[in-house]
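Engineer: The structure follows.
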């Protein structure tokens, strides 16, 4: 039975168009079918069929807001699965200058569902550990100092059943970055505060305004940018 289930999951992502849609949805936002169609370079009717298959497999959920309908990743665990599969796909050599530039941007900073990944994401984990904002004696925990620093930066962590912090293996750096409610809140606030901007295709641009607040998290952005 497990073999059949695994084969069914693999079949869902075996189609290049559905795989493209899932990778796009890893930016954590809700997309329209039309937007997903453009990303996958297929007709809107074809994209709708793909979304239906993804929804039936539990990969995505449809969200209605007024007259508009959106599609988003159904669950953080689905995002983690896709991210890990992308890790294996990332082992293939990059072809062409355009692909090379995009690969470097994604390696430096990108979204992994709703949190930061890439070199910047890994540096946030390292920095928060080094400065005592998080601890890992009995699993990852947010310390009192961590709550104070995040509060001073205006990062409000939402309540929920999802863990505050957990490790997520980064497919480009091959080390862990942070996932959970805390890094999700950090990314969301970073965008609204003008520290970060989404560049499309999951790439994140780290803006000059991020240098000071990220230093509070133990991250030396100028050093991180150096070769």
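The values are calculated or read from the model by the stated rules, or taken from the named source; none is laboratory data. Since this is a predicted model, take the numbers as computed values, not measurements. Here Cβ is always computed from backbone atoms with ideal geometry, including for glycine, and neighbour counts include all displayed protein chains.
Engineer: Considering each residue of region 163-192, count those that are within 21 Å of residue 138 (Cα to Cα) and crowded, with 16+ Cβ neighbours inside 10 Å, and give that number.
Structural biologist: 13
Engineer: While we're here: Has region 64-71 got at least one residue that is surrounded by fewer than 20 Cβ atoms within 10 Å (Cβ to Cβ) and either modelled with pLDDT of 85 or more or in the same structural domain as residue 172 (by TED's automatic domain parsing) (or both)?
Structural biologist: Checking region 64-71: at least one residue is surrounded by fewer than 20 Cβ atoms within 10 Å (Cβ to Cβ) and either modelled with pLDDT of 85 or more or in the same structural domain as residue 172 (by TED's automatic domain parsing) (or both).
Engineer: Give region 170-218 a look and list any residue that's in a helix (DSSP H, G or I) and without any contact (Cβ under 8 Å) to a residue 12 or more places away in the chain, or say none.
Structural biologist: The answer is 191, 192, 208, 211, 212, 215.
Engineer: Quick one: residue 223 ticks every box in (1) within 27 Å of residue 31 (Cα to Cα); (2) without any contact (Cβ under 8 Å) to a residue 24 or more places away in the chain; (3) more than 14 Å from the chain's Cα centre (by Cα) except a single one, so which number is it?
Structural biologist: (1)
Engineer: Further, regarding this structure: Hey, among the residues in region 115-142 that are outside any helix (DSSP H, G or I) and touching a strand residue (DSSP E or B) at 6+ places or on another chain (Cβ under 7 Å), which one's surrounded by the most Cβ atoms within 10 Å (Cβ to Cβ)?
Structural biologist: Once the filter is applied, the top-ranked residue is 117.
Engineer: Among the residues of region 42-63, write down those that are in a loop (DSSP other than H, G, I, E, B) and either surrounded by 11 or more Cβ atoms within 10 Å (Cβ to Cβ) or touching a strand residue (DSSP E or B) at 6+ places or on another chain (Cβ under 8 Å) (or both).
Structural biologist: Correct list: 42, 57, 58, 59.
Engineer: Residues in region 96-105: is at least one more than 28 Å from residue 6 (Cα to Cα), at pLDDT 75 or above and assigned to a loop (DSSP other than H, G, I, E, B)?
Structural biologist: No, region 96-105 contains no residue that is more than 28 Å from residue 6 (Cα to Cα), at pLDDT 75 or above and assigned to a loop (DSSP other than H, G, I, E, B).
Engineer: Based on what the data block shows, is residue 151 farther than 20 Å from residue 108 by Cβ, without any contact (Cβ under 8 Å) to a residue 12 or more places away in the chain and buried (at least 16 other Cβ atoms within 10 Å of the Cβ)? Quick ask: steps written out before the conclusion?
Structural biologist: Details: farther than 20 Å from residue 108 by Cβ: yes; without any contact (Cβ under 8 Å) to a residue 12 or more places away in the chain: yes; buried (at least 16 other Cβ atoms within 10 Å of the Cβ): no.
No.
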